[in-house]
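Remarks on the structure that follows.
What follows is calculated from the coordinates using simple rules that are stated; it is not laboratory data. All values reported here derive from a predicted model rather than from experimental measurement. Neighbour counts are summed over all protein chains in view; Cβ atoms, including those assigned to glycine, are modelled from backbone coordinates with ideal geometry.
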Amino acid sequence: VQLQACGGGLVQAGGSLRLSCDASGRTLNGYTMAWFRQAPGKEREFVAAIRWSGRTTYYGDSVKGRFTISRDNAKNTVYLQMNSLKSDDTAVYYCAADRGVISSDVYNRKYSYWGRGTLVTVSS
C-alpha cells in the first residue's frame with residue numbers, strides 16, 4: 001500500500017483545512033486508516049483513526065470536537081477535516097494504514113504503512 005497525503009498549507013488560527021490521503025497499490029478492504037502528526041522537537045502524536053466501515057472513529061484528546069476523519073472507500077481516500085485550527089496544530093501530518101488493528105493499538109504508531117506527510121502551518 002502506498003499512501004500520499006496532501007492538502008497541507010498555511011492557514012490562520014481559527015481557520016479550516018482539509019487533508020486527503022490517497023491510497024494505491026491495493027484496495028483498503030478491512031484497513032483501519034489513521035492520521036498522526038509530528039511537530040518540531042516533539043514525538044509523533046495520534047490525531048484520528050477510522051475503521052473500514054467508517055462507522056467507528058477515534059480522536060486524540062487535543063483535536064476532539066474540532067477535527068473530523070472520514071473515508072471514501074470507492075476512491076481509496078481518507079480525509080481529515082480540521083476546523084478551529086490553533087497554532088499548536090502546526091505539524092507535519094501523516095496518514096497510516098493497517099489491517100487487523102485491535103482497539104488498544106489504534107492510538108499507537110504500529111501501523112504497517114505510512115505516507116510521506118504534509119505540512120500544516122497555523123499562524124497566530
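Could you calculate the FRET efficiency of Asn108 with Gln12 from 1/(1 + (r/R0)^6), where r is the beta carbon distance between them and R0 is 25 Å, rounded to 0.05?
Working: r = 32 Å, r/R0 = 1.29.
Efficiency, rounded to the nearest 0.05: 0.20.
Under 26 Å Cα-Cα from Lys110, which lysines qualify once same-chain neighbours fewer than 8 residues away are excluded?
Those lysines meeting the cut-off are Lys42, Lys64, Lys75.
Rounded to the nearest angstrom and ordered from largest down, what semi-axes does the equivalent ellipsoid of region 1-89 get from its C-alpha gyration tensor (root of 5λ)?
23, 14, 13
Going 7 Å from the Cα of Ser124 along its beta-carbon direction, which residues of region 1-45 have the amide nitrogen within less than 17 Å of the resulting point?
11-15, 39-42
In whole Å, how far is the Cα centre of region 50-115 from that of region 1-19?
13
Would you list the P(r) distribution for region 54-124, with all Cα-Cα distances sorted into 10 Å bins from 0 and each bin expressed as a whole %?
Reading upward from the zero bin: 15, 50, 31, 3.
Under the Cβ-under-4.7 Å rule, which cysteines of the chain stay unpaired?
Cys6
Excluding same-chain residues fewer than 8 positions from Lys86, which aspartates and glutamates have a Cα within less than 16 Å of its Cα?
Glu45, Asp61
Asn108: net charge of surrounding residues, Cβ under 13 Å, Lys/Arg +1, Asp/Glu -1, itself excluded?
That works out to -1.
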